[in-house]
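Everything on this sheet refers to the single structure shown next.
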Amino acid sequence: MDSPQVLPPQTALAARPLDGRVAVITGSTSGIGLGIASALAEAGAMIVLNGLGDAHEIDGLRSALAARYDVSVRYDQADMSDPADVAAMIQRTARSFGPVDVLVNNAGVQHVAPIDAFPDDKWDAIIAINLSAVFHATRAVLPAMKRRGWGRIVNVASAHGLIGSPFKSAYVAAKHGVVGLTKVTALETAEHGITCNAICPGYVWTPLVEQQIASQAEAHALSAEQVVREVFLKEQPTRKFATVAEIGGIAAFLCSSAAASITGTTIAADGGWTAH
Ligand code: NAD
């Protein structure tokens, strides 16, 4: 140790590191998207909520988020299955809040059926919402991010972006596609101060999951507890659901300066599922 040691610079984990940043989170009217929107609002970002649902309820979420975190929150009703609407959402955001700094591609739908009985319209909808919308939104935000030399793109893929499961052909194909697109986006933007990463959750506790417990318990003649352990979390070694707050925290970390060199990769939040 010849030269005197100096402390490294601070980690810049400021209280509100995203103050003044504009964040669009697709599919954020419930579940994981709402968890991510809350985490980014807590970090100080202006938020654009998007997704389906009752207008009155969504407005309640919008104003609750704005009040709790003292940030501006807008709602955009763009339909992620419509490429023109996806691009229009980014333009509307630029007009109201300014150019998008953080894009979280989260909207997603699921349908479960064997390949030889998989309905064409379900295949098309899953590919459009879970995969093509990621491309259309990414394409729409990149020019302004490149001009400004900063951007964060977080794609919510899935453990099914890393491994397959039977009866989920469209979902698994779309999520593997999202992981591939994440890598290409990262490579094309690497010199522009932009990062792009995919979060790959296993099973996350959301209202949708909660609703399914009772019906699954009845279908399998099991207790609610057995359904959780033996049906839902059979593949998840922790036997615990991740929470939407955990996924929100990962997204906020990926947007922080501490994650500036993390790009083109996947972060599995699956309780060890893909470690098998
Ligand atoms: P969710 O159903 O609670 O939320 C989905 C969101 O997408 C909702 O806001 C919904 O309104 C929106 N949406 C659906 N179709 C849309 C459309 N055409 N246009 C705009 N918005 C639309 O589900 P979730 O569990 O929170 O899932 C969010 C994401 O996380 C999805 O991409 C899903 O594949 C992924 N994921 C979820 C889990 C889990 O266990 N819940 C696990 C891995 C990955």
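The values are calculated or read from the model by the stated rules, or taken from the named source; none is laboratory data. From a predicted model like this one, the values you see are computed outputs, not experimental measurements. As a convention, Cβ positions derive from the backbone with ideal geometry for all residues, glycine included, and neighbour counts pool all protein chains shown.
Table for the structure above
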| item | result |
| --- | --- |
| Qualifying residue in region 126-133 (condition: more than 18 Å from GLY31 (Cβ to Cβ) and near the ligand (Cβ under 9 Å from one of its atoms)) | yes |
| Single unsatisfied condition, SER257 versus (1) surrounded by 14 or more Cβ atoms within 10 Å (Cβ to Cβ); (2) of a type outside the set (Val, Ile, Thr); (3) away from the ligand (no atom under 12 Å from the Cβ); (4) more than 16 Å from GLY161 (Cα to Cα) | (1) |
| Long-range neighbours under 8 Å by Cβ, at least six apart or interchain, first residue under 18 Å from ALA125 (Cα atoms) within region 72-92, second in a strand (DSSP E or B) | GLN77/ASN50; ALA78/ASN50; MET80/ASN50 |
| Residues (over 20 Å from the mean Cα position of the chain (by Cα), more than 15 Å from the ligand (Cβ to nearest atom) and outside any loop (DSSP other than H, G, I, E, B)) located in region 230-254 | GLU230 |
| ARG139 being out of contact with any Phe, Trp or Tyr (no Cβ under 6 Å at 6 or more places or on another chain), surrounded by 16 or more Cβ atoms within 10 Å (Cβ to Cβ), modelled with pLDDT of 95 or more and under 30 Å from ARG92 (Cβ atoms) | no |
| Boolean, ILE213 is of a type outside the set (Ser, Thr, Tyr), modelled with pLDDT of 95 or more and either assigned to a helix (DSSP H, G or I) or within 16 Å of the ligand (Cβ to nearest atom) (or both) | no |
| Verdict on GLU191 being assigned to a helix (DSSP H, G or I), loosely packed, with under 13 Cβ neighbours inside 10 Å, among the charged types (D, E, K, R) and away from the ligand (no atom under 16 Å from the Cβ) | yes |
| Candidates ALA87, ALA128, filtered to the one that is at pLDDT 95 or above, under 22 Å from CYS200 (Cα atoms) and not polar (S, T, N, Q) | ALA128 |
| Residue satisfying all of: in region 145-162; assigned to a helix (DSSP H, G or I) and in contact with a strand residue (DSSP E or B) (Cβ under 8 Å, 6 or more places away or on another chain); farthest from the ligand (Cβ to nearest atom) among these | LYS146 |
| Test: residue in region 218-229 that is without any contact (Cβ under 8 Å) to a residue 40 or more places away in the chain, within 15 Å of the ligand (Cβ to nearest atom) and in contact with a helix residue (DSSP H, G or I) (Cβ under 8 Å, 6 or more places away or on another chain) | yes |
